[in-house]
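Student: First, the structure itself, so that you have it in front of you.
Bear in mind these aren't lab numbers, they're just calculated from the coordinates by the rules spelled out. Everything numeric here is computed off the predicted structure, so don't read it as measured data. Neighbour counts run over all protein chains shown; Cβ positions are idealised from the backbone, glycine included.
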Amino acid sequence: MPTVLIPLLLAADQISKLLALRFLDPIPDRLLPGLYLTLVQNTGVAFGLFKGNPTLLGGFSLLVGFVLLVYLARARSAPLFVFALSLVAAGALGNAVDRLGRGWVVDFLDIGPGLWPVFNLADSFVVVGVVLLLLPWGRARS
């Protein structure tokens, strides 16, 4: 499953970021109630922490993604555990591509100006994957 899922998620993330760069601007544009599209160049990590070191952050994201890929290639784990790790790997790799290629991450999903930091699909993949891993039934490895 991860051999198919990770590239698909990575492609969805990168395509969404290319579309954001092409069609969005820094002014929030309401898409749905409670959801705005706002182009942000994020040079840090979550909540804007650790700004200004894209090579270090990109290298760390790439390392996390690579380690998870190697683990998933060898693992014989429960499907939910594999799915959760695949989400985290795809998210880490998606943001690594941005940091190493652009020097910043393309963020564009906004649940309300000022309510929460603007994020992207890769961030969502990581959060959902970690939540699944933290659930009691998500930790079962076999």
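Student: What does a probe at Phe66 reach in segment 81-113, counting residues whose amide N is under 14 Å from the point 7 Å along Cα→Cβ?
Tutor: Answer for this model: 93, 96-97, 100.
Student: Enter the per residue convex hull volume of the chain, computed from alpha-carbon coordinates, in Å³ rounded to the nearest integer.
Tutor: 112 Å³
Student: I need Asp25, Asp123, Asp110 ordered by Cβ neighbour count within 10 Å, fewest first.
Tutor: Ordered from fewest to most neighbouring Cβ atoms within 10 Å, Asp25, Asp123, Asp110 come out as Asp25, Asp123, Asp110.
Student: Tell me the relative contact order for segment 14-99 as a rounded percent, counting alpha carbon contacts under 8 Å between residues six or more apart.
Tutor: It rounds to 25 percent for segment 14-99.
Student: Expressed as an acute angle from 0 to 90° and rounded to the nearest 10, what is the orientation of the C-alpha long axis of helix 2-23 relative to the principal long axis of the chain?
Tutor: 0 degrees
Student: Can you grab the distance from the C-alpha centre of segment 4-53 to the C-alpha centre of segment 116-133, Å, no decimals?
Tutor: First find each Cα centre; the distance between them is then 12 Å.
Student: Give me the percent relative contact order of segment 77-142, please, defined on Cα pairs under 8 angstrom at least 6 residues apart.
Tutor: That works out to 50 percent.
Student: Taking amide H positions as placed in the peptide plane 1.01 Å from N, state which residues far from Ala78 in sequence (5 or more) or on other chains have amide H under 5 Å from it.
Tutor: For Ala78, the qualifying residues are Ser142.
Student: Quick one: Karplus J couplings for segment 85-98, per residue in order, coefficients 6.51, -1.76, 1.60, θ = phi - 60°, nearest Hz, x for Gly and Pro?
Tutor: Working through the residues one at a time gives 5, 5, 4, 5, 4, 4, x, 4, 5, x, 6, 5, 4, 5 Hz.
Student: Also, I was wondering about something else. Compare the peptides 112-120, 72-80 by average per-residue count of other Cβ atoms within 10 angstrom and give them in order, highest first.
Tutor: Ranking the peptides 112-120, 72-80 by packing returns 112-120, 72-80.
Student: So what J values fall out for segment 66-81 if you push phi through Karplus, 6.51 cos²θ - 1.76 cosθ + 1.60 with θ = phi - 60°, rounded to Hz, Gly and Pro as x?
Tutor: Going residue by residue, I get 5, 4, 5, 4, 4, 4, 5, 5, 9, 6, 10, 10, 4, x, 5, 5 Hz, with x marking Gly and Pro.
Student: Okay, next question. Within 10 Å of each residue's Cβ, count the other Cβ atoms and sort Ile6, Ile15 from fewest upward.
Tutor: Listing Ile6, Ile15 from fewest to most nearby Cβ atoms yields Ile15, Ile6.
Student: Which whole-Hz couplings ³J(HN,Hα) result when phi for each residue of segment 105-116 is put into the Karplus expression 6.51 cos²θ - 1.76 cosθ + 1.60, θ = phi - 60°, listed in order with x for Gly and Pro?
Tutor: Couplings: 9, 7, 10, 8, 8, 9, 8, x, x, x, 7, 7 Hz.
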